[in-house]
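Just so it is clear, none of the values below were taken in a lab; they were calculated from the coordinates. Since this is a predicted model, take the numbers as computed values, not measurements. Cβ coordinates were reconstructed from backbone atoms using ideal geometry, including for glycine residues, and neighbour counts include every protein chain displayed.
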Amino acid sequence: MDTMRTYDDLENLVKNHYQNPDLALLRKAYERADAAHAKVMRLTGQPYITHPLAVAYRLAEMGLHMNVVAAGLLHDVLEDSGITEDEMRADFGDDITTLVLSVTKLKHAVHYRGEERYAENMRKMFLAMASDVRVVFMKFADRLHNLQTLYGQPKHKQLRIARESLEIYAPIAGRLGMSEIKGELEDGAFAYILPKEFERVKEIMDVKVRERGAQVSRIIDQTEKLISVSRILNFQVYGRVKRLYSLYKKMLRYGDDIEKIYDLIAIRVIVTSVEECYAVLGMVHQRWRPLPGRIKDYIAQPKPNGYQSLHTTIFADDKTIVEFQIRTREMHELAEYGVAAHWRYKEDGTRDVQNMRWMEELMLIQKELESKKDFMEQLEIMKIDVFKDRIFVFTPKGDVIDLPEGATPVDFAYAIHSQIGNKCTSAKVNDVVRNLDITLHSGDIVEIVTDKNRRGPNPDWSKFVKTRYAKGKIRDATKSSVRIWLSGMLKSKEEPSKKK
């Protein structure tokens with residue numbers, strides 16, 4: 001939905017969510033942007049200033065530092081006005097100017113079409129993340145508002161922007177753990193890429209919300225009463241409706257059987273501490289019978305992107321099935337805004353960047369991509385592997401190998417080196433000899449045993465490996481072995497004829 005924000009909306013949000021915000025900086029940035037975009041209209045018919053205001057508003061909702069919010073207001077100023085980089089630097093400082101320059105370059109550095117455009121966009125997003133992830137937050141805010149106002153664009157641009165949002169921006173948001181942003185990007189793009197499916201899923205969701213709304217409200221009331229008689233003081237209970245694109249993908253998986261989807265409307269409980277999370281889980285299970293196999297502890301074992309929460313699914317009093325998600329406020333902010341939650345600034349201006357190890361992994365990926373001559377081949381690998389849920393597995397020396405969820409020791413071997421994969425004969429996982437087709441998990445220590453006399457990989461490995469890279473190497477090595485075998489057979493047939 002396209003909501004037009006005003007400067008007063010932005011200032012009120014900042015006053016309510018920030019301690020001692022620099023309102024003078026905010027006003028100065030707004031006035032400069034307003035002057036730069038004066039009398040310019042968007043294709044929607046709205047004044048252009050509504051766009052930077054919407055971008056800044058979203059950045060403020062994410063709780064990012066005021067420099068980022070100000071840069072959001074200014075992000076189109078350098079290209080739309082006579083102000084120079086040096087003038088902006090003199091007025092707003094190095095940090096804000098560098099952010100504006102980075103967003104501008106990310107927007108206009110490429111004019112390719114088709115696969116080349118896709119590849120270059122992907123590369124630039126990774127480069128921006130490695131240099132300053134705040135630039136990517138700004139791009140997300142910019143793209144979200146562009147999706148909200150996409151109705152003003154010609155149809156061919158609608159499809160291009162929507163597909164780019166779904167295939168490039170949304171997966172990166174997911175990798176960064178930003179589920180709220182990812183969901184908005186997917187739903188915004190879904191409406192333009194598959195309009196009929198979008199309307200069908202929306203209608204199904206509307207019906208189910210009407211059917212289950214009263215029931216969920218009763219469970220929320222009952223949950224609030226349960227918690228209120230305990231020692232837990234600060235808590236929040238509310239319903240969460242599933243995103244439309246997420247529902248669409250799940251319906252495809254379940255053959256359109258909506259009754260097999262239990263989290264259409266989930267009940268979310270927000271508390272203060274980890275201890276309270278487990279206490280609430282106990283209360284829920286005492287009141288309602290849990291569904292076997294549906295209790296997931298992502299607090300003790302977080303997802304690779306840092307997501308933490310307790311999930312359980314219960315049988316309600318009327319025998320319908322309802323999912324609960326229980327987490328702390330900190331976990332909730334991380335679940336909604338992912339890595340952006342770590343970039344909130346403390347009062348002294350220092351960055352809170354705990355749990356950022358995975359950022360080093362992203363930097364390594366983009367550096368590797370820069371060095372590859374055949375980028376499109378690497379892109380195909382990335383599209384399949386990088387944006388799945390990840391696991392982090394260790395070599396005996398402590399090196400981290402980043403793999404997709406469900407990867408096997410053979411995937412691990414090829415990730416180290418193609419010859420390690422081709423020559424591997426067995427694997428030790430946590431010092432225990434295991435089959436090559438077992439599923440690895442985050443934290444496993446894997447040692448690959450090789451045989452230098454082995455001719456090549458077993459073609460059957462292709463049936464269970466998960467990475468495209470491993471499949472490709474197995475296929476190439478198998479073809480090579482067949483060629484060598486055929487060559488040997490032909491020679492052996494020729495030799496007797498020479499003796500005659």
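Among the listed pairs LYS182/LYS250; LYS397/LYS428; LYS139/LYS242, those whose Cα-Cα separation exceeds 19 Å are LYS139/LYS242.
Amide hydrogen proximity for PHE324: with H placed 1.01 Å from N in the peptide plane, the residues at 5 or more positions away or on another chain lying under 5 Å are ILE267, THR312, THR313, ILE314. Just add up the charged neighbours of THR98: K/R +1, D/E -1, any other residue whose Cβ is under 9 Å from the Cβ of THR98. Cβ neighbours under 9 Å give a net charge of -2.
Full extension of the chain segment joining ILE258 with LEU43 gains 73.5 nm, where the gain is 0.36 nm per residue of separation less the Cα-Cα distance.
Cut-off is 10 Å between beta-carbons; in what order do HIS37, HIS156, HIS17, HIS311 appear when sorted fewest neighbours first?
HIS156, HIS17, HIS311, HIS37
Taking label points 7 Å from Cα along the Cα-to-Cβ direction, ARG468 and ILE420 give a separation of 2.2 nm. Please list, by residue number, everything in region 1-43 whose backbone N is under 13 Å from a paramagnetic label point 7 Å out along Cα→Cβ of TYR151. In region 1-43, the label zone of TYR151 (backbone N under 13 Å from the point 7 Å along Cα→Cβ) covers 1-4. Per residue, the Cα convex hull of region 412-484 amounts to 82 Å³.
Can you give the FRET efficiency for ASP80 and SER230, using 1/(1 + (r/R0)^6), R0 = 45 Å, r = Cβ-Cβ distance, to the nearest 0.05?
0.20
Among the GluC sites (Glu not before Pro) in region 154-239, which ones are in a DSSP loop with at most 13 other Cβ atoms within 10 Å of the Cβ? Mind listing them? Passing sites in region 154-239 do not exist. Measuring against 30 Å, Cα to Cα, the residue pairs LYS15/LYS157; LYS296/LYS471; LYS39/LYS105 contain LYS15/LYS157; LYS296/LYS471 as the ones spanning a longer distance.
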